[in-house]
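Peer 1: I'd like to ask some things about the structure below.
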Amino acid sequence: MNIDTASYPSPREATGEPSRLLLQDTFGRVARDLRVSLTDKCNLRCTYCMPAEGLNWLAQEKTLSDEEVCRLLRIAVERLGIRHLRFTGGEPLLRRSLPEIIAFASSLRTDEGRAPRTALTTNGLGLDKRAAELVDAGLDRVNISLDSLDRHRYHVLSRRDRLDDVLASIDAALQAGLSPVKINTVVMPGSNEQDILPLAHFALRTGAQLRFIEQMPLGPPEQWDRNIMITARDIVETLAKDFELSPSSTPRGSAPAELWTAVERDHPHHSGEIGVIAAVTHPFCGDCDRSRLTADGFMRNCLFSRSETDLRSLLRSGASDEEIMAAWAQGMAEKKAGHGIDDRSFIQPQRLMSEIGG
């Protein structure tokens, strides 16, 4: 499959040296990281993400075409200062043209004259068969979701019996050189807190980097209770039972995870970094550098935003790059200081996580 980029730039594009903008908000934060959802569909039904019956998936005509995705990628990287691209879903491996989109992204050049860093967030189903192909296309890194090593608990949480497929994909990603391979684990009360230590041992011994994530209010409303959630502090206290922990020397920058150097008490030669993402109890909004595109072409300036900027309508009405850039920049300028989860006025976004993109 080839993506037709012959129509770029758009018919109303001005000639001469292209203009540039920064995606900067009123608090001085500049977006350098773009999360691109390629589909809202998923082949799991994780309890904290969506109902058992799934969702009303987007109609094909509402989803951005490959050409539309690539045009927005080009504008973001070459005109708006984006340096990092992460492809998400739903489940991005369900997008047949994923290798071609990654290859196109890798052909772009940032304001620093480099190819943008590319990453994939996936549930891992089928990655074992495609890892080498995606690396050849230009993929740099991968995050794989894994909430339990226990077959029964994995089945209950994901509503699918696919643990072996995920483990095979982690191994394939490591073999393909997608370094570091990161494992994302959402920790939930009464569900998988007993998996914290087994997952940590597994990650250190396989060479993956584990990232524990506080559960956020982005799934079915009844699945989240601020008063009983497993916090970052709970996670670190549990890890300290089996590991010597010390703050990592790796600069955090705008990354969401606080990194810890972990050494197994009983086997000191097993060591590595473990991340903890405390988006609820210790939000990192002040350092956020993200912009988001949904699969149907709306820009979101925050994961928890209740407003969006419609870029799809601009694309399909023949808007110039400058018009799209201006709308995108205006939407980012309106970004709030923080997500406000602990504010009494907080209202969960209308869209669930799989509809927004991870």
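Peer 1: If you check L120 against the conditions, is it of a type in the set (A, V, I, L, M, F, W, C) and either more than 25 Å from V30 (Cα to Cα) or surrounded by fewer than 23 Cβ atoms within 10 Å (Cβ to Cβ) (or both)?
Peer 2: no
Peer 1: For the condition under 22 Å from T261 (Cα atoms), among the small types (G, A, S), assigned to a loop (DSSP other than H, G, I, E, B) and touching a residue at least 24 places away in the same chain (Cβ under 8 Å), what is the one hit in S179, S191?
Peer 2: After applying the criteria, what remains is S179.
Peer 1: With at pLDDT 95 or above and at negative phi as the only criterion, which of E308, E322 stands out?
Peer 2: Selected residue: E322, the only one of E308, E322 that is at pLDDT 95 or above and at negative phi.
Peer 1: Select from the stretch 26-61 the residues that are among the charged types (D, E, K, R) and closer than 27 Å to S145 by Cα and list them in ascending order.
Peer 2: R32, D33, R35, D40, K41, R45, E53
Peer 1: Considering only the stretch 225-326, give the strands (runs of 3 or more DSSP E) lying wholly within it that have at least 1 residues that are under 28 Å from G190 (Cα atoms).
Peer 2: Those strands (runs of 3 or more DSSP E) span 243-247, 258-264, 271-277.
Peer 1: Another one. If you go through the stretch 148-161 one residue at a time, how many are in contact (Cβ under 8 Å) with a residue 60 or more places away in the chain and either crowded, with 20+ Cβ neighbours inside 10 Å or touching a helix residue (DSSP H, G or I) at 6+ places or on another chain (Cβ under 7 Å) (or both)?
Peer 2: 2
Peer 1: Which members of the stretch 272-308 meet the condition of being within 21 Å of T261 (Cα to Cα) and within 14 Å of the chain's Cα centre (by Cα)?
Peer 2: I277, A279
Peer 1: Of D195, D225, which residue is at pLDDT 95 or above and among the acidic types (D, E)?
Peer 2: When all the criteria are applied, what remains is D195.
Peer 1: Turning to a different aspect of this structure: Search the stretch 281-295 for residues that are in contact (Cβ under 8 Å) with a residue 24 or more places away in the chain and pair each with any residue that is part of a strand (DSSP E or B) and β-branched (V, I, T) when their beta-carbon atoms are under 6 Å apart and the residues are at least 6 apart or on different chains.
Peer 2: These pairs meet every condition: L293/V36.
Peer 1: Another question, if that's okay. Among the candidates A327, A337, A278, which residue alone is closer than 19 Å to L80 by Cβ, among the aliphatic types (A, V, I, L, M), surrounded by fewer than 20 Cβ atoms within 10 Å (Cβ to Cβ) and touching a residue at least 12 places away in the same chain (Cβ under 8 Å)?
Peer 2: A327
The values are calculated or read from the model by the stated rules, or taken from the named source; none is laboratory data. All values derive from a computational prediction rather than experimental measurement. FYI the Cβ positions are ideal-geometry reconstructions off the backbone, even for glycines, and counts take in every protein chain you see.
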